[in-house]
Amino acid sequence: MAEQDILNTAQQWLAEGRDVALATVVETWGSAPVPGGSQLLVDGQTNFIGSVSGGCVETAVIGEAEEVIRTGQPRMLEYGVTNEMAWEVGLACGGRIKVYVEPIR
């Protein structure tokens, strides 16, 4: 999803009175499912658009975004798996991502 689409949606959701948080991939290392700068927008009812990863990481970021909306405090998150651990659990890639989650008002 294009960054402009996410920002337009954020503006729309805010105009509708929704609480909103924006998650942005700020750093990647090794193999990562999305590039730096990828974004995920979440509202207070767990509606979301965009992507910062996939699978369980995406679910975890949405949960963290809910907490950011509730507290108003931004968070830096880090998710990763070593190459060795990736192969042990049957994943094809290792790597790490850092995601900054901030409330949008």
Inset, instruction - Tell me which of these residue 80 doesn't satisfy, since it passes every other one: (1) touching a strand residue (DSSP E or B) at 6+ places or on another chain (Cβ under 6 Å); (2) surrounded by 15 or more Cβ atoms within 10 Å (Cβ to Cβ); (3) modelled with pLDDT of 90 or more. - result: (3)
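Residue-wise test of (1) of a type outside the set (Asp, Glu); (2) in contact with a helix residue (DSSP H, G or I) (Cβ under 7 Å, 6 or more places away or on another chain); (3) in contact (Cβ under 8 Å) with a residue 40 or more places away in the chain; (4) open to solvent by 60 Å² or more (accessible area, probe 1.4 Å).
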| position | (1), (2), (3), (4) |
| --- | --- |
| 4 | yes, no, no, yes |
| 14 | yes, no, yes, no |
| 18 | yes, no, no, yes |
| 25 | yes, no, yes, no |
| 32 | yes, no, yes, no |
| 38 | yes, no, no, no |
| 45 | yes, no, no, yes |
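The values are calculated or read from the model by the stated rules, or taken from the named source; none is laboratory data. Everything numeric here is computed off the predicted structure, so don't read it as measured data. Glycine gets a Cβ as well: all are built from the backbone with ideal geometry, and neighbour counts include every protein chain shown. Areas reflect the complete protein model, heavy atoms only, side chains present, ligands, DNA and RNA absent. Shrake-Rupley method; radii C 1.70, N 1.55, O 1.52, S 1.80 Å.
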